[in-house]
1. For LYS331, enumerate residues with amide H under 5 Å from its amide H, sequence gap 5+ or separate chain, H modeled in the peptide plane.
2. On a 20 Å Cα-Cα criterion, which of the cross-link pairs LYS214/LYS331; LYS283/LYS363; LYS381/LYS401; LYS2/LYS29; LYS61/LYS356; LYS380/LYS411 come out too long?
3. Quick one: Debye curve from the alpha-carbon atoms of region 262-411 only, equal weights, vacuum; give me log10 I(q)/I(0) at q = 0.09, 0.18, 0.19 Å⁻¹ to two decimals.
4. My understanding is that a pair violates if its Cα-Cα distance is over 22 Å; which of LYS43/LYS279; LYS133/LYS188; LYS192/LYS231; LYS39/LYS376; LYS52/LYS376; LYS39/LYS194 do that in this structure?
5. Relative contact order, percent, of region 262-411 when contacts are C-alpha pairs under 8 Å separated by at least 6 residues?
6. Using r as the Cβ-Cβ distance of LYS363 and GLU404, and R0 as 30 Å, what FRET efficiency do you calculate, to the nearest 0.05?
7. With labels modelled as points extended 7 Å from the Cα through the Cβ direction, what inter-label distance (nm, one decimal) is found for ARG134 paired with TRP389?
8. Would you calculate the separation in nanometres between label points at GLN172 and ASN267, each defined as 7 Å from the Cα along the Cα-to-beta-carbon direction?
Amino acid sequence: MKKIAVTWTKGKTTIVRMLDYILLNLNKKTLSVDTETVKLNWKQIYDVKYSKKVSGMIPSKCPGRFLHLWLDRNNEWNIDYSIFETSIGCFDSWLWYHSHDIWLFTNIYEDHIWPTARKWVFIKDKRDIAKRKRYFISQISSDWVVICNYDDEEIRNITKDTEKLLLYVTNQEKNYQNNSKIIALLNKEEIKIKVWKEEVVYSLKNNTFSFYGKFLPSVYNISFVLTGLLKLLWEEQFLENFDGIKKLLDAYTPDVYWWRMCLISYNDRNIILDYAHEKQSLKAILNLASDLSTNKTIAVVRLAPDRKNDLYRETWEYISQLSDTFIVYDKIDGIERKSYTSLTWAFTREPWEVMKLFWNAIKEKNRNTYQIIYWKDAIKKALEISNKWDTIVIIVNDPKKTWEFILELLKN
């Protein structure tokens, strides 16, 4: 059995689910763990509630424990690949992770900064981000395969002198040509992969997951998936299966039960559901909406309650000009969620609180903005004020519930 861990803070869940989907369709047996679910061969065996009940942790905090749960119950592994989403908090005690074969590092953004955090593993300022990356890289064993983003300047500086086995993805042609460790080059049209002395190409022209190359975060995710598959399968098997892998990537449009993003076309409108929760991801999804729209864009947005107050203003200033209309709602709505308490940082959020903070920043720059606390009412309003050829972006709390609610609305 080979084990791959996907860590840091951007795109982890998506990458884990794509790897799981492709490996299963290559007739491999898998155990996958992400933030919300634990699946054996794509069938859910545990959920987040079970994980918290048994160990007080979400599944992606020390996901290796589920291997032992499965072994205890079945007395055998019977798994070809384990695919783990790994929270950065796992590094607090390093836990179980000296036995992974492959590490895949995505990125860390400043939305995870909290200046009053007490434990070292939490990020207190931007300098702490670099410090965490340096620490993680220093822990790499010489016999691991590690995949990183070469377009991250901090990673380039940290790893430039290392002799460890690092592989990179990039969107810069000159880097790809001049560095033998860079094995994936991505752009809006295709992804190139170096395999031995040859190069294989995956065209994005039929890839709906990346909106045919228009949505760069998805293109990065696909490049990480391809690079991970190259090392999970090894070169020979990767090349043998590459045509099949391309077809699987083209066909990858899973429903929102297992996905964080999807596109619904309705009555000459595009409706994008996404899980974005920080400014870079919000900017990317709103830019995509503008690309898809031939009329105006409407954004139904909310922010997580566990961020520092200044971040709400920073986020709004970053995205305020990226949609024609904004509808702001609150995750803590007083209906489904009565309040939020952070045990880590010892504070409580009440209903309306985050929405008001966000709203006060919004109204200074965009008058065409509504505040509607409950997510269902916010979505209804977006549909009500939309016209033909508009694109609506809905930032969701629960993809499954949102998908089902919208389908019910559209039926009526």
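1. Under 5 Å from the amide H of LYS331 lie the amide H atoms of LEU303, each far enough along the sequence or on another chain.
2. LYS214/LYS331; LYS61/LYS356
3. -0.26, -1.04, -1.16
4. Correct reply: LYS43/LYS279; LYS133/LYS188; LYS39/LYS376; LYS52/LYS376; LYS39/LYS194.
5. 36
6. Computed FRET efficiency for LYS363 and GLU404: 0.40.
7. A separation of 5.4 nm, rounded to one decimal place.
8. Taking the two extended label points, one gets 4.8 nm.
Since every read-out is calculated from the coordinates, none of them should be taken as a lab result. Since this is a predicted model, take the numbers as computed values, not measurements. Ideal geometry is used to build each Cβ from the backbone, glycine not excepted, and the neighbour counts take in all protein chains shown.
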